Amino acid sequence: RSYLTHIALRPLAAADSTQLVESVAREQPLPEAVSAALVENGDGNPFFLEELARTVDERGADSRAIPDTVQGVIMARVDRLSEVAKHVLQTASVIGREVPLQLLDRVWRSGEYALDLTELCRLEFLYEKPGADEPAVIFKHALTQDVTYDSLLARTRRELHFRTAEALAGLYSDRDDVAATLAYHYARTDLVDEAVRWLIRAADRAAQLYANSEAVLHLDLAARRLQRLPEGPDRDRRMLDVALRHAHSLYFLGRFRESVEVLLPHEAPLARLNEPALTATYSFWLAHMHSRLGDQRRACDNAARAIVAATQAGDEETLGKAHGLLALEGHWSGNTVDGISHGRKSVDLLRAHPQQRWWLGMTHFYLAMNHLVQGDFEAALGEANGADAIGKEIGDPRLQTYAAFTVGWVEATRRNDAAAVAACQRGLEQAPDRVSRAYASMILGHALIGQNDHGQARTILEPMVAELEGFAFPQWHGFATALTAETYRLDARLDVAGTLVERALELMTRAQYGYGVAFAQRVAARIARDRSAWDEATATFDDASRAFERIGARFEARQTRDERNRVKAP
């Protein structure tokens with residue numbers, strides 16, 4: 001992680017290890033041979049040394065009876081506890097590393113335990129949490145909790161997880177932040193329905209916070225629990241529901257192909273269920289992902305399937321999202337008139353459904369991208385501002401990121417370079433996930449090229465080329481590659497620039513990304529001009545200008561013709 005610093009903690013020296021061991025055994029100094037054995041076995045690890053010393057202090061062991069591992073040390077200490085104290089510690093280990101006493105009271109069903117809890121704190125298995133809003137104790141070390149937890153029989157462990165889940169639900173059922181904890185405990189019982197319900201709630205909460213890796217873990221567990229149910233429509237329906245959520249989170253992690261692959265095994269169950277609303281939702285998400293994967297045919301086919309099924313089901317929300325997806329396809333294909341038409345239908349449908357504000361914001365972004373291609377910059381900025389306003393209204397940083405880099409793209413295109421860089425930097429600062437960070441970084445690189453800061457632009461763009469390739473997103477993988485080629489051209493490294501622009505053209509031609517192909521052709525024409533290949537430069541500028549004209553990008557076509565007209569052979 002870029003925001004973490006790794007610090008190597010060296011083992012304690014022998015003298016410090018000896019001092020630590022002796023500080024534990026204050027009342028009766030340890031024999032020199034025992035102390036030396038502890039120091040040797042402890043290997044400079046402070047926790048291990050302390051636990052070894054406590055074991056010897058409590059048990060009176062000599063140097064021949066010292067456990068070999070820290071787990072063995074902890075287990076030896078746990079085994080010497082009274083039955084009640086050991087049971088209290090085991091119960092606490094199921095609850096978690098931090099144990100609220102109010103929760104422990106509810107889980108504990110075996111009479112008074114206060115004195116045993118005090119003893120556990122005196123022996124430093126646990127300690128009181130300082131400054132807590134409600135009284136709590138904490139395990140001194142995660143290993144202490146792990147070893148104690150592992151000492152429980154599986155049946156007892158399941159029972160304690162169930163009691164903990166019940167107690168949590170009773171105490172904190174009105175708090176969203178306990179969903180993950182309830183999911184954790186129910187997932188370790190035999191209650192499939194409760195486990196799946198809370199795992200889904202935990203996944204949804206994580207996804208809302210863009211903690212999608214966490215959401216995927218919850219959903220993996222939910223899918224495995226559902227496999228325990230008997231085969232039939234109920235299981236198929238619930239498995240599909242989990243798969244759709246899973247696909248959603250995989251997208252935000254940049255795992256585009258996996259987002260499709262997690263859905264494909266559910267095609268046959270979907271057909272068996274024959275429920276139009278489910279078919280619409282499933283088809284929309286496949287369209288959404290195929291669009292990113294550069295497969296326009298599958299994207300449009302699935303969007304059409306979603307529209308038919310959503311219309312049959314009376315599902316205006318999915319219908320609106322499918323039209324929004326076709327608006328995005330208008331940008332990729334260069335058929336911006338159709339794209340804008342679908343986008344307006346999407347806005348009309350989604351505006352009536354407050355729970356779909358996020359997707360309404362995305363449709364405004366899709367519309368902005370079509371207006372950008374057309375060179376209607378004020379309309380593009382208006383749609384970007386619409387996305388930004390919704391992002392602020394619902395507190396979603398991703399929409400605000402998309403709006404900001406779209407503004408940056410508009411300003412970079414019309415050469416308001418300082419405004420472009422400022423907008424892109426604002427978007428990058430707000431980006432909540434790796435996908436939106438990659439997009440904002442790419443357009444920031446574009447804007448920096450306009451400011452003639454092509455060295456900094458390349459520093460940003462080259463990692464994004466690799467990132468977008470990892471996403472399997474050929475349109476913007478190709479676009480970022482073309483931008484990188486331009487930075488090398490500006491540094492007069494024409495061979496590298498030429499190789500990159502060929503790769504960019506290959507990627508975007510295969511994905512049928514009209515705007516990107518024309519953009520890359522213009523970069524290729526500049527490279528030919530800089531090589532003094534005048535005929536090639538003129539012809540390639542003409543190709544680029546015609547490619548822009550074909551998709552209605554009149555502003556870009558005009559800019560390209562102006563560049564072509566400045567090509568003069570000596």
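The values are calculated or read from the model by the stated rules, or taken from the named source; none is laboratory data. Values in this document were obtained by computation on a predicted structure and should not be read as measured data. Ideal geometry is used to build each Cβ from the backbone, glycine not excepted, and the neighbour counts take in all protein chains shown. The accessibility values were calculated without ligands, DNA or RNA, using every heavy atom of the protein model including side chains. Shrake-Rupley method; radii C 1.70, N 1.55, O 1.52, S 1.80 Å.
Key figures for this structure:
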item	result
Surrounding net charge for Gly391, when Lys and Arg each add one and Asp and Glu each subtract one, Cβ distance under 10 Å	0
Calculated from backbone phi, Karplus (6.51, -1.76, 1.60) coupling profile of segment 142-150 in Hz, x at Gly/Pro	4, 5, 4, 5, 4, 5, 5, 4, 5
The chain: relative contact order as a whole-number percent, Cα under 8 Å and 6+ apart	6 percent
Residue-averaged [θ]222 nm for the chain, counting only DSSP H segments that reach four residues, each worth -39500 (n - 2.57)	-24000 deg cm²/dmol
Shape category assigned to segment 475-570 from the gyration tensor of Cα positions, a/c cut at 1.5	oblate
Calculated P(r) tail over 13 Å for segment 187-232, as whole % of Cα pairs	50 percent
Shape category assigned to segment 445-530 from the gyration tensor of Cα positions, a/c cut at 1.5	oblate
Degrees between helix 192-208 axis and first principal axis of the chain (Cα, 0 to 90, nearest 10)	50 degrees
Relative packing of peptides 15-21, 218-224 - highest average C-beta neighbours within 10 Å first	218-224, 15-21
Once the Cα gyration tensor of segment 499-552 is diagonalised, semi-axes √(5λ) in Å	19, 14, 6
Amide H contacts under 5 Å for Ala136, placed H, 5+ residues apart	Leu101, Lys129
Partner lysines for Lys392 [C-alpha distance under 25 Å; skip if fewer than 8 residues away on the same chain]	Lys321, Lys345
Entry for Rg and Dmax of the Cα atoms in Å (calculated from the structure that is shown) out of [x] 29.7, 116; [y] 31.0, 99; [z] 26.3, 109	[y]
For segment 354-432: rounded, prolate or oblate by the Cα gyration tensor [a/c cutoff 1.5]	oblate
About the Cα centre, charge dipole magnitude for the chain (Lys/Arg +1, Asp/Glu -1 at Cβ), debye	1700 debye
Helix 357-374 axis, angle to the chain major axis (alpha carbon atoms, nearest 10°)	30 degrees
Carbon plus sulfur fraction of accessible area for the chain, probe 1.4 Å, in percent	48 percent
In degrees, nearest ten, helix 32-42 long axis to first principal axis of the chain (Cα)	20 degrees
Rule-of-thumb Rg ratio for segment 397-549 [Cα; 2.2 N^0.38 Å; N residues]	0.99
The chain - accessible surface per residue (Å², probe 1.4 Å)	45 Å²
Leu126 long-range amide H proximity, modeled H, under 5 Å	Cys121, Lys140
Ranked packing of 47-53, 426-432, most packed first, by mean Cβ within 10 Å	47-53, 426-432
